[in-house]
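> This structure is in structure tokens; I'll ask about it shortly.
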Amino acid sequence: QQMKKQSKRKGRKFGELNPIKNGDVFLMKSGRTCTVYNYVNANNIDVVFEDGFQVNLRYGSLREGTYTHPLDRTIRSVGYIGFGEYNTSTHKIAYHKWCGIIERCYSSNFHKRKFGSNYKGTILIEEWNNFQNFAEWFYNQHYENGWQIDKDLFSDEVSIYSPKTCVIVPADINIATIQDKGVYFWENAKRLKKYQVNISHRNVKKTVGYALTEEEGIKMYKSAKNSYLKKVILENKLPAELESKLLRRVDEKFVC
């Protein structure tokens with residue numbers, strides 16, 4: 001009786017009901033196609049993609065078309081893993097930082113968050129759409145737990161993440177480099193027309209003072225920002241080369 005209740009499929013190997021053979025072509029959800037050239041069993045199937053890339057897959061991945069090719073732009077339709085030594089499982093920190101950058105650049109939901117709108121129009125250089133290139137840059141930088149990627153300190157006009165514009169720094173330095181409203185016209189009916197000068201100290205607005213002209217206000221702002229950024233940089237006791245690089249850039253960007 002017990003034998004009669006068993007499934008008719010018992011004893012069949014997975015894939016036998018819908019077998020795969022050499023020469024079969026499969027379409028992935030990404031639109032890429034691959035061809036089976038060495039079928040061993042359901043868990044050991046060698047395939048080659050139209051670009052010549054070869055990989056070993058399982059029965060389910062082929063039938064369902066779920067395999068992700070290294071050149072598939074799976075992260076916000078922009079980022080792809082690429083070919084190389086860096087993968088998502090053993091290089092999690094770099095991968096997390098990379099995904100975060102792409103999110104800030106291209107996620108409409110992120111742009112709806114507080115301060116998220118500041119990133120509208122920001123782009124990732126094409127070179128960094130490939131995770132391999134970003135990871136190589138990342139691991140050639142000095143990094144400590146909690147440090148962040150800053151794109152503003154070395155960028156004057158264009159909002160772009162690239163090897164030339166980015167540096168990895170402690171979080172408080174990253175926050176300190178955020179552009180303030182700076183100088184804006186301020187008027188009180190009981191006073192003379194003036195320009196108010198502000199800078200941010202760890203996300204808290206500080207009024208530096210008031211100027212009679214916009215030019216005077218800009219000079220006041222740059223001087224205050226220069227002093228504040230240098231103070232924060234020196235407080236962090238960074239590696240000498242990084243500290244020197246940051247201090248030089250502060251003097252270039254915020255000329256007193």
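> Residue pairs, Cβ under 7 Å, 6 or more apart or interchain, first in the range 20-46 and more than 13 Å from Ser61 (Cα to Cα) and part of a strand (DSSP E or B), second open to solvent by 50 Å² or more (accessible area, probe 1.4 Å) and among the basic types (Lys, Arg). List them.
Sorted first by the residue in the range 20-46, then by its partner, the pairs are Tyr39/Lys21.
> Give just the number: which of (1) surrounded by 15 or more Cβ atoms within 10 Å (Cβ to Cβ); (2) at negative phi does Ala240 not satisfy?
Of everything listed in (1) surrounded by 15 or more Cβ atoms within 10 Å (Cβ to Cβ); (2) at negative phi, Ala240 misses just condition (1).
> Among all residue pairs at least 6 apart or on different chains, which show Cβ distances below 6 Å where the first residue, located in the range 219-235, is closer than 15 Å to Lys181 by Cα and the second is of a type in the set (Phe, Trp, Tyr) and open to solvent by less than 60 Å² (accessible area, probe 1.4 Å)?
Lys222/Phe254; Lys225/Phe254
> Within the range 27-71, how many residues are in contact with an Asp or Glu (Cβ under 9 Å, 6 or more places away or on another chain), open to solvent by 70 Å² or more (accessible area, probe 1.4 Å) and among the basic types (Lys, Arg)?
1
> Out of the residues in the range 177-214 that are surrounded by 12 or more Cβ atoms within 10 Å (Cβ to Cβ) and more than 26 Å from Leu153 (Cα to Cα), state the one that is modelled with the highest pLDDT.
Ranking the candidates gives Lys194 first.
> While we're on this one: Is it the case that the range 148-158 has a residue that's within 22 Å of Val255 (Cβ to Cβ), crowded, with 16+ Cβ neighbours inside 10 Å, small (Gly, Ala, Ser) and touching a residue at least 12 places away in the same chain (Cβ under 8 Å)?
No, there is no match, as no residue in the range 148-158 is within 22 Å of Val255 (Cβ to Cβ), crowded, with 16+ Cβ neighbours inside 10 Å, small (Gly, Ala, Ser) and touching a residue at least 12 places away in the same chain (Cβ under 8 Å).
> Tell me which helices (runs of 4 or more DSSP H) are completely within the range 47-131 and hold 3 or more residues being within 30 Å of Gly23 (Cα to Cα), or say none if there are none.
Numbers: elements: 59-64, 92-106, 108-111.
By residue number, 59-64.
> When only residues in the range 159-173 that are among the aliphatic types (A, V, I, L, M) and out of contact with any Ser or Thr (no Cβ under 9 Å at 6 or more places or on another chain) count, which is most open to solvent (accessible area, probe 1.4 Å)? Explain how you work it out, then say what you get.
Going residue by residue through the range 159-173, those that are among the aliphatic types (A, V, I, L, M) are 160, 167-169, 171, 173.
Now drop any that are not out of contact with any Ser or Thr (no Cβ under 9 Å at 6 or more places or on another chain), which leaves 167-168, 171, 173.
Values: Val167: 6, Ile168: 5, Ala171: 33, Ile173: 3 Å².
Among those residues, the one meeting the criterion is Ala171.
The values are calculated or read from the model by the stated rules, or taken from the named source; none is laboratory data. Everything numeric here is computed off the predicted structure, so don't read it as measured data. FYI the Cβ positions are ideal-geometry reconstructions off the backbone, even for glycines, and counts take in every protein chain you see. Keep in mind that these areas ignore ligands, DNA and RNA; they rest on the heavy atoms of the full protein, side chains included. Shrake-Rupley method; radii C 1.70, N 1.55, O 1.52, S 1.80 Å.
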